[in-house]
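K.L.:
One structure coming up, written as structure tokens, with questions to follow.
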Amino acid sequence: MRSTADADVLVVDVLDEDTGLADVEDSRGRTYQLPAEWLPDVADGAAYRIEVGAGGVTFTPEPGGARALRERSKQTLLDFQDEADTPPGQGQP
């Protein structure tokens, strides 16, 4: 099992109040839907830390989690762009 420090964070992209579902993205870049009632104080842009234990899964509000996830995504895109711009045979050691 992963430690709390390594726990995933998910961010609500869209909350559909008609269906009661939240479209979310996690810190691994996966997107899926969850029942909105599972997420305390659910709102668009809200972030939650995911903790898995013997009693099940817990979603805990994570202040600043959405900002951190966006920054990590931006860095991944920048890293990918740098790799694409590197001429063949001149990769990093």
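The values are calculated or read from the model by the stated rules, or taken from the named source; none is laboratory data. What you are looking at is a predicted structure, and each value in this text was computed from that prediction instead of being measured. Virtual Cβ from ideal backbone geometry, glycine too; neighbours counted across all protein chains shown.
K.L.:
Output the residues belonging to the stretch 34-59 that are surrounded by 14 or more Cβ atoms within 10 Å (Cβ to Cβ) and in contact (Cβ under 8 Å) with a residue 12 or more places away in the chain.
P.N.:
Residues satisfying the conditions are LEU34, ALA36, LEU39, VAL42, ALA46, ALA47, TYR48, ARG49, ILE50, GLU51, PHE59.
K.L.:
Taking GLY29, is it modelled with pLDDT of 85 or more and part of a loop (DSSP other than H, G, I, E, B)?
P.N.:
Criteria not met by GLY29.
K.L.:
Residues in the stretch 39-54 that are among the hydrophobic types (A, V, I, L, M, F, W, C), farther than 15 Å from VAL14 by Cα and not in a loop (DSSP other than H, G, I, E, B): how many?
P.N.:
Narrowing the stretch 39-54 to residues among the hydrophobic types (A, V, I, L, M, F, W, C): 39, 42-43, 46-47, 50, 52, 54.
Filter once more, so that each one left must be farther than 15 Å from VAL14 by Cα: 50, 52, 54.
Still in the list and also not in a loop (DSSP other than H, G, I, E, B): 50, 52.
Residues in the stretch 39-54 being among the hydrophobic types (A, V, I, L, M, F, W, C), farther than 15 Å from VAL14 by Cα and not in a loop (DSSP other than H, G, I, E, B): 2 in total.
K.L.:
Looking only at the stretch 18-31, count every residue that is closer than 14 Å to ASP8 by Cα and not hydrophobic (A, V, I, L, M, F, W, C) and tell me the total.
P.N.:
At the first step, the residues of the stretch 18-31 found to be closer than 14 Å to ASP8 by Cα are 24-31.
Now restrict to residues that are not hydrophobic (A, V, I, L, M, F, W, C): 25-31.
Looking only at that region, the number is 7.
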